[in-house]
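The structure appears below as structure tokens.
The values are calculated or read from the model by the stated rules, or taken from the named source; none is laboratory data. Everything numeric in this text was worked out from a predicted model, so none of it was measured. Here Cβ is always computed from backbone atoms with ideal geometry, including for glycine, and neighbour counts include all displayed protein chains.
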Amino acid sequence: MGSTAHRDTSIRSGPDDAISDIVGLQVGHYTDIEAASGVTVVICPEGAVGAVDVRGAAPGTRETDLLNPVNLVNKVQAIVFSGGSVYGLAAADGVVRWLAEKGWGFPLEAGAVAPIVPAAVLYDLGRGTNFIPPVTAEWGRKACDNAANRIPQMGAVGAGTGARCGSIKGGLGSASQVLPGGITVAALAVVNAYGSIVDPASGGLWEARMPLGQAYDQLARRRVTLPPAPEPQSGRNTTLAVVATDAVLDKSQALKVAQMAHDGLARALRPAHTMFDGDTIFCLATGERALPIAPGFFSGASAWALSEVGQAAADAVVRAILRGVLAAPTMAGLTAFADLPQRGAAVSGTESA
């Protein structure tokens, strides 16, 4: 933590400081503590323009090709994150059926719909009572039943229940930011990373400068001693995130925001995007606020405004990742950040990783 820099005070969070600040989105969890696994769903009843950027080398996903800007369908009805590795993809089937019963989806003949539900899974096998968590479509349905537009629970909940972060407990977190022009950008992240949020040289967070809110800021100043790092094992780590905005974006613009949001993942977790991670970030745009048009050659593409949205998405991902790990309790044989032994003096709040 050698250099000195004040905490970033330029970030103005939304009222909830969470993805619930994006009007029209609902978040639901299903948590099985005994299985140390679960499902998290982000539902868009009116549909939202979707995109995805996969940068980990070991992803487990569904319906991601459909989000390519050259492909037909423009909007999605939900994003699903699940534990259970490859078995967790079954949860998306329950979400599809639940949405279809509501009539939410791509319109088909005879009044039927095809809900568009991209999904991604993480590896939490061996952390509960059974090696393979008993994930079924019913877990996805239960997550939908619990969905609401309220501040989502954080820590060991939903898809973050059995997550780990390096050698400590991982979890699920969320954060938001309101840009000067009124556009809101938010993130929800599930942290099951091979990398760590802690600089092993100092014991402090890599991104200690980021404001996390009163419930987390004091905890984030701790310097800690980490347990030994796990041996790399193929395909057993993943950080998943949804970045969402109320801006009007097309699929190409949403893809750019997802790409920029990965910068936040790499700032908060080091190393990131490894051969052992399946790092995947989705972007959802609900289309409530037009991007401001700047004068000049790039005005038609709203390039400056889009870049600001992407930067805010990266910051929101950093804060969501840190909050998710800091909120997680000791469980499933993994020690919480809050329970790690103190190492020297705490970060003063004016230092930076």
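What to note about this one:
- Failed condition for residue 86, given (1) in contact (Cβ under 8 Å) with a residue 60 or more places away in the chain; (2) surrounded by fewer than 21 Cβ atoms within 10 Å (Cβ to Cβ); (3) over 18 Å from the mean Cα position of the chain (by Cα): (1)
- Here residue 53 fulfils each of the conditions (1) under 13 Å from residue 255 (Cα atoms); (2) part of a loop (DSSP other than H, G, I, E, B) apart from (2).
- If you go through the range 74-117 and keep only what is in a loop (DSSP other than H, G, I, E, B) and not small (Gly, Ala, Ser), you end up with 74, 104, 108, 115, 116, 117.
- Test: residue 302 is of a type outside the set (D, E, K, R), modelled with pLDDT under 95, buried (at least 19 other Cβ atoms within 10 Å of the Cβ) and farther than 23 Å from residue 43 by Cβ: yes
- Taken over the range 169-207, the criterion of being in a strand (DSSP E or B) and under 25 Å from residue 85 (Cβ atoms) is satisfied by 169, 171, 172, 173, 174, 187, 188, 189, 190, 191, 192, 196.
- Whenever a residue of the range 114-136 is surrounded by fewer than 17 Cβ atoms within 10 Å (Cβ to Cβ), its partners that are polar (S, T, N, Q), lying with C-beta atoms within less than 9 angstrom and at least six residues away or across chains, give the pairs 132/85; 134/37.
- Filtering the range 183-205 to residues that are small (Gly, Ala, Ser) and within 29 Å of residue 344 (Cβ to Cβ) leaves 189, 193, 195, 196, 201, 202, 203, 204.
Conditions (1) in contact (Cβ under 8 Å) with a residue 24 or more places away in the chain; (2) surrounded by fewer than 20 Cβ atoms within 10 Å (Cβ to Cβ); (3) more than 16 Å from the chain's Cα centre (by Cα), marked per residue:
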{"residue": "177", "(1), (2), (3)": "yes, no, no"}
{"residue": "189", "(1), (2), (3)": "yes, no, no"}
{"residue": "194", "(1), (2), (3)": "yes, no, no"}
{"residue": "197", "(1), (2), (3)": "yes, no, no"}
{"residue": "203", "(1), (2), (3)": "yes, no, yes"}
{"residue": "212", "(1), (2), (3)": "yes, no, no"}
{"residue": "220", "(1), (2), (3)": "yes, no, yes"}
{"residue": "231", "(1), (2), (3)": "no, yes, yes"}
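- Which numbered condition residue 150 misses (of (1) modelled with pLDDT of 95 or more; (2) of a type in the set (D, E, K, R); (3) closer than 20 Å to residue 188 by Cα; (4) surrounded by fewer than 24 Cβ atoms within 10 Å (Cβ to Cβ)): (1)
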